[in-house]
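The values are calculated or read from the model by the stated rules, or taken from the named source; none is laboratory data. The structure displayed is predicted, hence computed values, not measured ones. Cβ: placed from backbone, ideal geometry, glycine included. Neighbour counts: every protein chain shown. Please note that ligands, DNA and RNA were not included when accessible areas were found on the heavy atoms of the full protein model with its side chains. Shrake-Rupley method; radii C 1.70, N 1.55, O 1.52, S 1.80 Å.
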Amino acid sequence: GVRRAIGPRLGVGLSLFAPTGRLLRLQTIEPRIPTYFMYQNRTQRYAMAVGLGVQPLTSLNIGVGVRMLSRSRLDATFTVDAVVDGDPDGNGVDEVVSATVDVHDMTFDLKPAFIPVAGLQWRPGELDARFEGLALGFTWRGEGGVPVDVGLDAQINARTQDLGDLEPLVVAAVVQAAVSVFDHYVPQQFQLGVSYSFEDVFHTYLDVHHTRWEAMQLNYSRVLSAGIDTSLADTSGVDLGAGLTPNVKFRNTWSLRTGTELHLPPFDLPGRGGWLRPVFRGGFGYEPSPLVAQSAETALLDSDRLIFGLGLGFEHGAIWDLVEGPVSWDGFFQYHSLASGTLARAATDTPRAGYPVGGASVPIGGRFYAAGMQWSFDY
């Protein structure tokens, strides 16, 4: 991420997230298997954001921007050839002699999708000294996501021989299908915030988020259309089905974040560093679950979440002539606690993947951790 002031009242910024080793990962959930769908690792995602900020008044900042994601289209044409060989003595199937897949054509297109972002910040202390250090903010982010359209065109050839008294048989089938995968959803969100700073020593803030989860699209695959033609029989009346359509209800949520930051007095360092200044940070957050209800065809797990964060950083003077400084090194640690609960499902004699044995309810809850580092400098 970079940002730069252009004159006294205009600034631009650019943020880029580009994973190394893997540009894009498509990951879908299986709705029937218990899954913490809101907390899956989604880091393999290309994203870019560009913003512009203006200052029409000394106390007011206004910003607009766009966040760019990638819509995807995958088309594949291939042939599958299989030969089933029987036992020459008439004792049934001996082995599959060969099964090969020949890919004739495959394309994967990435198309940009844009999510608008807007915000403003007001510092009343610029107008009245009694409010010095106080700042109020508001941001809005539009809705978006990463839909993936998949088109499949396959020919399947199967040949059998030496299957007892049966004559050798050759079957050819052509399968065409259109599948939709909504891999990643970005909800519309409003954010209100207030912060207070005492000189350059103590900072505290409170943010309230309103997220519109009601329109959420789950990341599972849906068959939009499918057809099969075969030389063995008339398949015009065969219904391949469109797969599962989960009946899940979400609600809009209000969440909050709050935190403090304390800068200790700087002290001198030997050498070119000049000085060093430690920074301590702490934070707390509450994130309610948007999941309200679901049908028996799904087992999506989610619960309210408490977030505790700690951070430690250091600032020092520039040690080379390329930047003015200061140079900052920061580390962060978060602890997330999920509220305990259960998801009841009807007992069955057949074991199901991901479900407790004996028809017991699926437990909900647990904890997870997050950590990160940041390096920045002023120039």
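Side notes on the structure shown:
- When residue 282 is tested against (1) open to solvent by less than 60 Å² (accessible area, probe 1.4 Å); (2) modelled with pLDDT under 95, exactly one condition is not met: (2).
- Meets criteria (among the aliphatic types (A, V, I, L, M), part of a strand (DSSP E or B), closer than 29 Å to residue 219 by Cα and in contact with a strand residue (DSSP E or B) (Cβ under 6 Å, 6 or more places away or on another chain)) for residue 136: no
- Of the listed requirements (1) at pLDDT below 90; (2) farther than 30 Å from residue 226 by Cα, residue 146 misses just one: (2).
- Selection of segment 349-379 for residues being in a loop (DSSP other than H, G, I, E, B), surrounded by 10 or more Cβ atoms within 10 Å (Cβ to Cβ) and among the polar types (S, T, N, Q) yields only 361.
- Restricting the first member to segment 335-363 and to residues that are at negative phi, and the second to residues that are surrounded by 12 or more Cβ atoms within 10 Å (Cβ to Cβ) and among the acidic types (Asp, Glu), the beta-carbon pairs closer than 8 Å and six or more apart or on different chains are 338/304; 339/304.
- Exactly one residue out of 105, 183, 149 is within 16 Å of residue 75 (Cβ to Cβ), in contact with a strand residue (DSSP E or B) (Cβ under 8 Å, 6 or more places away or on another chain), acidic (Asp, Glu) and surrounded by 14 or more Cβ atoms within 10 Å (Cβ to Cβ): that is 149.
- On inspection, residue 262 qualifies as more than 27 Å from residue 28 (Cβ to Cβ), over 28 Å from the mean Cα position of the chain (by Cα) and of a type in the set (A, V, I, L, M).
- Selected residue (criterion: surrounded by the most Cβ atoms within 10 Å (Cβ to Cβ)) from residues of segment 16-69 that are of a type in the set (Ser, Thr, Tyr) and at pLDDT below 90: 35
- Selection status of residue 91, over 30 Å from residue 176 (Cβ atoms) and either modelled with pLDDT under 85 or under 20 Å from the mean Cα position of the chain (by Cα) (or both): yes
- Of all residues making up segment 292-308, the number that are farther than 17 Å from residue 337 by Cα, assigned to a strand (DSSP E or B) and open to solvent by 30 Å² or more (accessible area, probe 1.4 Å): 3
- Checking each residue of segment 253-261 against the condition of being open to solvent by less than 50 Å² (accessible area, probe 1.4 Å), among the β-branched types (Val, Ile, Thr) and farther than 30 Å from residue 220 by Cα gives at least one match.
- Residue pairs meeting the criteria (Cβ under 6 Å; at least 6 apart or on separate chains; first touching a residue at least 40 places away in the same chain (Cβ under 8 Å) and closer than 13 Å to residue 192 by Cβ, in segment 122-148; second of a type in the set (Ser, Thr, Tyr) and open to solvent by 50 Å² or more (accessible area, probe 1.4 Å)): none
- Among the residues making up segment 309-348, those that are open to solvent by less than 80 Å² (accessible area, probe 1.4 Å) and β-branched (Val, Ile, Thr) are 319, 323, 327, 348.
- Subset of segment 264-279 (residues that are surrounded by fewer than 17 Cβ atoms within 10 Å (Cβ to Cβ) and not charged (D, E, K, R)): 264, 265, 266, 267, 269, 270, 271, 273, 274, 275, 276, 278
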